[in-house]
1. With an 8 Å cut-off on Cα pairs and a minimum separation of 6 or more residues, tell me the relative contact order of the chain in percent.
2. What nm value, rounded to one decimal, do you get for the distance between residue 37 and residue 112 when each label is placed 7 Å out toward the C-beta?
3. If you filter segment 166-234 for GluC sites (Glu not before Pro), then keep DSSP loop positions with at most 11 other Cβ within 10 Å, what is left?
4. From Cα coordinates alone, what are the radius of gyration and Dmax values for segment 127-312 in angstrom?
5. Given contacts defined as C-alpha pairs under 8 Å and at least six residues apart, what's the relative contact order of segment 10-120, whole-number percent?
6. Can you show me the helix-derived [θ] at 222 nm for the chain, built from DSSP H runs with n ≥ 4 at -39,500 (n - 2.57) apiece and divided by the number of residues, rounded to the nearest 500.
7. Can you sort 96, 72, 264 so the residue with the fewest Cβ neighbours within 10 Å comes first?
8. What shape does segment 207-316 take by its C-alpha gyration tensor, where a ≥ b ≥ c are the square roots of the eigenvalues and a/c under 1.5 counts as rounded, a/b above b/c as prolate, and the rest as oblate?
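We did not get these values from a lab; they are worked out from the coordinates using the rules stated. Note that the structure is predicted; figures quoted are calculated from it, not measured. Ideal geometry is used to build each Cβ from the backbone, glycine not excepted, and the neighbour counts take in all protein chains shown.
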Amino acid sequence: MLTFDRQGLVPAVILDDATGEVLMVAFMNQEALQRTRETGYTHFFSRSRNTIWHKGEQSGNVQEVRAIFINCEENSLLIRVVQHGGAACHEGYRSCYYRRLLPDDTYQIVAERVFDPATVYHVGQSASATGENVMARESITPEMQQTLETALRQLYGVYIYLRDNDLSEQSNTSRLLQERSPSYLTSRLADELQELADVQSGEHVHAGRQADTILEGSQVGYWLLLLASSRNIAYQDFTPHLSVISGYQAQYNENKVIEQRQECLSLLASNQPAAVMQGLHLGFGLIGWACAEAGVSPLAPAEFDLGQMRRKGLVK
């Protein structure tokens, strides 16, 4: 019998039925698996948005299921599909594995893009096109900066406490910090950075662009702060509030966002403190960028997280 993890999920490796090429890896819960089997097309579970999504729902690049296999330990799936539309990756490549990891930890793109994601996922005029986010970028005040710093310092203080006090039985965050696995934290961050970008491109829509940006931005901030605390980096050494504001006021095009996301993850995989701090700066900058693109306050993701903390009694 198939075994789901503690979150009720199971990883699914998606292969092209004709070539055997790995197209992507995603997660399914029981309902997503059931929908996949009933419809004959892949459905997955988004961990950050806590919802099921149909692959290719917006792009048209759906995956028609040919066969489903289960591994020897009954804790993962392999699904052979016919990939319609020519590309499985939302970045426009046939496979999500379009980059080679080089010895110096940088990436080399080894595939050709099948489609332009900006065209496929365009959902109307963006905030930057209307000039609304330009006005917001100019409205940052010293009071807003201080409020953001206070919020992020509060959040970081909670994670430091959960790192230094083993509350694993009551707190999943404390368990993650006790495990001290930067590679796992970085992999989860990569997922959330992708989700944040997907909200801006329009590929993933849950409650609306602004609400989704706040949620995904808070998730990105969560994993960044866990990475910082797991590396014992002092708040004043990476000043995330300044990075958020820097990203909020910057003008990024699509290629810049992709490059910054890749560089962020590459730097965070390093064992050098200076590289990690630069990676944190880039990651928090992407939160600010997304807030500007969606027309929401750069304070919103941190304030959302503080609200969650208050409900749990971790902050006053």
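1. Worked out over the chain, it gives 15 percent.
2. About 4.0 nm, to one decimal.
3. On the way: sites: 169, 179, 192, 195, 203, 216; in loops: 169, 203.
Loop-located and lightly packed - 169.
4. According to the Cα coordinates of segment 127-312, Rg and Dmax are 15.6, 49 Å.
5. Details: 216 pairs, mean separation 25.5, N = 111.
For segment 10-120, the relative contact order is 23 percent.
6. Details: 12 runs with 157 residues, N = 316.
The per-residue figure over the chain is -16000 deg cm²/dmol.
7. Details: 96 18, 72 6, 264 25.
With the fewest neighbours first, 96, 72, 264 line up as 72, 96, 264.
8. Details: a/c = 1.97, a/b = 1.09, b/c = 1.81.
Here segment 207-316 falls in the oblate category.
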